[in-house]
Amino acid sequence: MSSEIGASEGTTAEVTAIERLVAVEEIKYLKSRYFDAVDMKDWSAIIGIFTEDAQVDFGGEGKHHVGHHGVTEADVNPDDWIVIGGPATAKVIEGAVGGISSVHHGHDPQIQIHSATRATGRWKLYDRLEYGHEVMHGYGYYDEEYRCEDGVWRISQLTLNRLRVVWEDMRKTG
Amino acid sequence: MSSEIGASEGTTAEVTAIERLVAVEEIKYLKSRYFDAVDMKDWSAIIGIFTEDAQVDFGGEGKHHVGHHGVTEADVNPDDWIVIGGPATAKVIEGAVGGISSVHHGHDPQIQIHSATRATGRWKLYDRLEYGHEVMHGYGYYDEEYRCEDGVWRISQLTLNRLRVVWEDMRKTG
Amino acid sequence: MSSEIGASEGTTAEVTAIERLVAVEEIKYLKSRYFDAVDMKDWSAIIGIFTEDAQVDFGGEGKHHVGHHGVTEADVNPDDWIVIGGPATAKVIEGAVGGISSVHHGHDPQIQIHSATRATGRWKLYDRLEYGHEVMHGYGYYDEEYRCEDGVWRISQLTLNRLRVVWEDMRKTG
């Protein structure tokens, strides 16, 4: 087995191929439930998806909203979008998309299992955020880390990066 | 292994981790062939993807079409879109998208293997249905059940739910 | 285990279920890194994703660009888009999307492992190519073959097929 699904040197003996495959599938499942929680506005479900000390960085998001749905430069402070732990993450997400129709689809995960308790991953993202007639179409990717505690994988680090963000005016397109 | 990829209590002993992983991959493959069949208009292929007694519920779809491509309230009867088995499902799908360009992409499956013969799953969906200059962009999710008969997994229950449906007028956007 | 994830007759004994599952995951990972390389413009990364003798056929692409961003019938020669090996593939891709914002998302892979060293696969694709105010939204699928050499899977054949290509004029939609 190549290193691609995660056997770092020195860890091959610790985690079997089956254990790695199970962990990869569980992490894919975890991230899918995250997307569900965001789009179905289930804030309490978000809390349990992150470790207590999870470092979550949505700091690059605010600037893409300037000039749309009433957001100005003065409103954007990246620090407001960099938080620790599940409850703070749920609060940030609720603030951003709690009142709107949102769709988040993850694509083509690259999960690497580094040990029985640590993994990293990248997910490509398409998100559609509808603020009245203004619709944000976002394209980017998450770089993440995961930790397994008591047999449960959770997100311990998350950074959202953008390749492109475009806005549609639905008054013109429908 | 946590319960996340499907070991319900009492079934752990019956299905090994490998068997579960194989089943998860086979069900992902099955659903992908379903999407192919719909978009490539291969109605006979759809039939074999469902069990003979499959309960298929597209009952929520009709209302999203009212006011577009000639569909009126009077045309929409949810019961017409709730059917049993593969042949009836193929017929409903052919009626809906047989004459148009369609694209169906599934995302972020959550497959749970409950026994050697029963599984459940959720798939997020983006679909693009092009009726002349009117294009439906659909966002939602399937909640499904699967049954394994003679070593072959098939869909035994399907309900399509919608988060958002929007219409584009291509005369304005191209 | 059914034949769906790839046990052709006569090969069952050669490749175990675990080996097949590992190979499937590695090939998914490989294709995801391909998409990353294209959209992050990492041309050298593309080279290593293909075998030296890979047959790569983007021959159907050119015609979809005629009438957009300055492309005319005279510019389109399918043979220019049918190449051998990673370096030539990287060059073709750089020529097509090197100067623009691109997004490629793969969906619903159907990977079949035919032996320890040969696999085939189909991936559905959405791509968004932004040439100034003209944006191509592409829907299609890759049919591919993979070869494992020295424990590393690479793409040995690729054909991109299209279901639908539409163009958006961003001057009208934003």
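Table for the structure above
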read-out: Identity of the residue in the stretch A:39-75, in a helix (DSSP H, G or I), without any contact (Cβ under 8 Å) to a residue 24 or more places away in the chain and of a type in the set (Asp, Glu), that ends up surrounded by the most Cβ atoms within 10 Å (Cβ to Cβ); value: A:75
read-out: Residue that is surrounded by the fewest Cβ atoms within 10 Å (Cβ to Cβ) [pool: residues in the stretch C:145-173 that are out of contact with any helix residue (DSSP H, G or I) (no Cβ under 8 Å at 6 or more places or on another chain) and within 14 Å of chain B (Cβ to nearest Cβ)]; value: C:171
read-out: Residues of the stretch C:30-39 satisfying the condition of being among the aromatic types (Phe, Trp, Tyr) and more than 7 Å from chain A (Cβ to nearest Cβ); value: C:34
read-out: Matching residues, the stretch C:15-29, being of a type outside the set (Val, Ile, Thr), within 14 Å of residue C:110 (Cα to Cα) and more than 7 Å from chain A (Cβ to nearest Cβ); value: C:20, C:23, C:28
read-out: Qualifying residue in the stretch C:93-101 (condition: within 14 Å of chain B (Cβ to nearest Cβ), in contact (Cβ under 8 Å) with a residue 12 or more places away in the chain and crowded, with 17+ Cβ neighbours inside 10 Å); value: no
read-out: Pair list, Cβ under 7 Å, 6 or more apart: the stretch C:10-24 residue modelled with pLDDT under 95, other residue among the polar types (S, T, N, Q); value: C:11/C:115; C:14/C:115; C:15/C:115
read-out: Filtered residues of the stretch C:116-138 (kept if among the hydroxyl-bearing types (Ser, Thr, Tyr), surrounded by fewer than 20 Cβ atoms within 10 Å (Cβ to Cβ) and within 13 Å of chain B (Cβ to nearest Cβ)); value: C:120
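The values are calculated or read from the model by the stated rules, or taken from the named source; none is laboratory data. Note that this is a predicted model, so its numbers are computed, not measured. Positions of Cβ are backbone-derived with ideal geometry, glycine not excepted, and every protein chain shown enters the neighbour counts.
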